[in-house]
Every structure is written in C-alpha cells, then in structure tokens.
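The values are calculated or read from the model by the stated rules, or taken from the named source; none is laboratory data. Quick caveat: nothing in here was measured; it's all calculated off a predicted structure. Don't worry about glycine lacking a Cβ; one is built from the backbone with ideal geometry, like all the others, and counts go over all protein chains shown.
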Amino acid sequence: MYRHFLYIILIVLAASCRPSKIVKAEDVLYPMKYDTLGIDSVVYKMILPYKTKVDGAMGEHLVNAAIEFPAPDRKNIAGESLLGNMLTDIFLSTGRDNYRPADGKNIDFVLMNTGGIRTSLPKGVITTRNVFEVLPFDNRLVVVTLSGDSTQALLNYIAKKGGDPVAGMQMGIKEKKPIDVLINGLPFDKTKTYKVLTNDFCATGGDQMWFFTGAKESTDLNIILRDAIITKFRQLGSAGIELNSKLDKRIYKEDAR
C-alpha cells in the first residue's frame, strides 16, 4: 500500500531575523506493506490475558445439536424455519417463567424479526461463540400488550411479509392475508387484548412493526435474547439432551399446506 507524504524543507537563514520561506516541496511515495509489519509484541502482551479469558468463555461447549439449523432467508421468507422455531420456543418459555403481570395474564405468543437472526447453527458442538454469531445484538425481551386491532395489524404484517419467527400461535397465509389464526390453540378474537413477547428493537417499531408503538402496556423483562438462549442451551447440555427442532406449520402458505 502506498501513501503520500508531503515533506516541506524549510531553510532558515542563519543569524538572520528575516522570515523563513519554503524553497522546495517534494511529494514522495513510500511503499508500506502491512502484512510484513508483524505483531506489536508489547501491545500483544498487554491484551493477551484478556484475549485468553474471552477465548475461553466464547469456546464454552454448551450443547450438542442433533441437526443443522440453517439461518432463515431474509429475502425470501418461507413462513417458518427450524432455527426460528427453536429460538422462539425458548423465548416463550423464558418469557413466561420471568413475567410477573399484575393482572395474572401471561404471554400469549412470540413474534421476532427474521433479520435479527444473523447466521446458522451447525450440527454437533454448539459453543457460546455460535450463539453470539446468531444473535450478535444486545436486544432484550419485552412484553407488549396489544388491542385486538393492533394484533390484527400484526397478523396482516406477518402475512404480507411471508412469515417471521413465532411461537404460541399458528396461522395460514393466503393471497398475503392471514387465515385460520390460532393463538394458544384458540381462534383469534379481535375483541380481546393479547400479550406479545418480542424484542426491544421491534417493540419500538423496528423492521416497520409500527403496530407495537400503540401498545396498551409494555414491560421490559431486562433479559438479553442471547442470554436466554445460552442459559437454555446449558440446561439441555447438562441434562445430556441434544438440541432439536421441527417445522410444525405454525406459519404456512395455504397453497403449500
């Protein structure tokens, strides 16, 4: 790589009070090859203890996966995915275990954004690093209480988009509209309110989920999505249970059912 360095040679007249002046300027190119610079040993020694600690934490073996979990295609969403189903099932369980509503009504279902899932999970050993790669953002679990109208807007959004990771609900999509919607096994009722678990990004209208911004109530559980997954993976790994998932038609295209 080359960089321009402008060297200005100033000649000051000895024993003179006359102002100096530029008599010559040269623009010289000097090659710099970063791949031959090597590692700064002083800096490396400074960060080594922290690097070792981080590498150890990120390399923790959490659980074994029985199958590969491909990342959902963000450009061509196919209703549901193995990875999306598995993650939202864990979020639903975690949310219900940690939500303490004054009205005693717990979470109805989960909706997350496909774009928040950044990569796949491999078959075999799953480490903390894998989870950070899948969920790199520090988003938190939030419970949002929606009116029937806002919930209808949510369903319309999912249908128009072609799907998003959900749990606790089932719906068909026909001509980009929601059909046969079941929430907690019961038909959707527009006269009711529903408690939806999502993340703080979506809860504030992220990914054009504007229906969340008119919520009747919003409760931040102060649990990072990634932490919820790591905790569950550790529990499964300690119990000797392999990580698994299936496509169960929680969101399906009517012509492909």
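Assorted remarks:
- Residues that are more than 14 Å from the chain's Cα centre (by Cα), under 25 Å from I77 (Cα atoms) and polar (S, T, N, Q) within the stretch 90-132 comprise just one, S93.
- The requirement of being in a loop (DSSP other than H, G, I, E, B) and of a type in the set (F, W, Y) is fulfilled somewhere in the stretch 130-153, by at least one residue.
- Residue within the stretch 103-110 that is surrounded by 22 or more Cβ atoms within 10 Å (Cβ to Cβ), among the β-branched types (V, I, T) and assigned by TED's automatic domain parsing to the domain that holds I183 present: yes
- Scanning the stretch 223-237 for residues that are under 13 Å from V125 (Cα atoms) and surrounded by fewer than 18 Cβ atoms within 10 Å (Cβ to Cβ) turns up just one, R234.
- Any pair with Cβ under 7 angstrom, 6 or more apart, that starts in the stretch 210-222 at a residue that is more than 12 Å from S147 (Cα to Cα) and ends at one that is assigned to a helix (DSSP H, G or I) and of a type in the set (D, E, K, R): D220/D200
- Of the residues making up the stretch 141-152, at least one is closer than 30 Å to E60 by Cβ, out of contact with any Lys or Arg (no Cβ under 8 Å at 6 or more places or on another chain) and modelled with pLDDT of 95 or more.
Conditions tested, residue by residue: (1) within 18 Å of T231 (Cβ to Cβ); (2) modelled with pLDDT of 95 or more.
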site	(1), (2)
E68	no, yes
L87	yes, yes
K105	no, yes
D108	no, yes
L121	yes, yes
L155	no, yes
A159	no, yes
G162	no, no
Q170	no, yes
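- Residue within the stretch 157-178 that is charged (D, E, K, R) and within 19 Å of R96 (Cβ to Cβ) present: no
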